[in-house]
1. What is the log10 of I(q)/I(0) for the stretch 136-210, computed with the Debye formula using one identical point scatterer on each Cα and no solvent, at q = 0.24, 0.25, 0.26, 0.28 Å⁻¹?
2. Carbon and sulfur: what percent of the chain's accessible surface (1.4 Å probe)?
3. Find how much the distance from residue 179 to residue 26 grows on full extension, using 0.36 nm per residue of separation minus their present alpha carbon separation; answer in nm with one decimal.
4. By how many degrees, 0 to 90 and rounded to 10, does the Cα axis of helix 189-205 deviate from the longest principal axis of the chain?
5. Would you mind pulling out the separation of the Cα centroids of the stretch 175-197 and the stretch 27-96, in Å?
6. Nearest-5 percent of antiparallel DSSP beta bridges in the chain?
7. Below 8 Å, C-alpha to C-alpha, sequence gap of six or more: please give me the relative contact order for the stretch 29-174 in percent.
8. Given R₀ = 35 Å, what would the calculated FRET efficiency be for residue 143 paired with residue 215, taking r from the Cβ atoms and rounding to 0.05?
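The values are calculated or read from the model by the stated rules, or taken from the named source; none is laboratory data. The model shown is predicted, which means the values in this text are computed figures rather than measured ones. Here the Cβ positions follow ideal geometry from the backbone for every residue, glycine too, while neighbour counts run over all protein chains shown. Just the protein is used for accessible areas: all its heavy atoms, side chains included, with ligands, DNA and RNA removed. Shrake-Rupley method; radii C 1.70, N 1.55, O 1.52, S 1.80 Å.
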Amino acid sequence: MRWALEPASAPRVLDLGAGTGKLTATLVALGAEVIAVEPDPAMLTELRRSLPAVRALPGGAEAIPLPDASVDAVLAGNAMHWFDMTVAGPEIARVLAPGGILAGLWNVMGDGDEWVSGLARAGGSAAIGPRDTPAGWRAETADMHLPKNGEPARFGTPEQAEFPHGQRRTADSLVATLATRAGLLVMPEQEQEATLGRIRAFLASRPETARGKFTLTMRTGVPSRRS
């Protein structure tokens, strides 16, 4: 986030598709003036409960409840792939001040662990999709800012950066997280159970993941663009 916001001094930031406020809380800790916008009422309620001092509004990327040129940056954490940029692009450009920043953030699995490739094969694209690996997210997000109707882009060519980190996991906690992926959630129950069963079996078969805790190598991929 520091890298994405570096060009903006004392930034006014819109967390768009803010969910329950995980990204919002970190922006607040960095000293930004934050407004959160989230379309889901249950998530918005949780955000307001956990961050009562933050201005949190119902709305989405295609209809942002803010005036023109009211923020210096728009950030979206694991959310921009849901936006219809044909509509959302002009809306985001409208609320950004001149020269403002649009940045997406995606947490992806690192490519340093050989067993992650096997996990991707066991779970299929519903569990680990094209945006969930370093090479994939770069390709998938390179033109995400472009409208799909041939209209001119509202933002410049993105700069892309990656930031390594890791998560302490167990096989059970990793399976529980993968079970929340959208691709798995929309599966018929029987197919979902079969997919999770293959993932559990794979993790149980690998020495890196079969016993107790392990570190899942991660990266946060950040494409940033100026309006």
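1. -1.07, -1.11, -1.15, -1.22
2. Whole-percent figure for carbon plus sulfur exposure: 54.
3. 52.5 nm
4. 70 degrees
5. 29 Å
6. Taking every DSSP beta bridge within the chain, about 50 percent pair in antiparallel fashion.
7. Computed over the stretch 29-174, the figure is 19 percent.
8. 0.60
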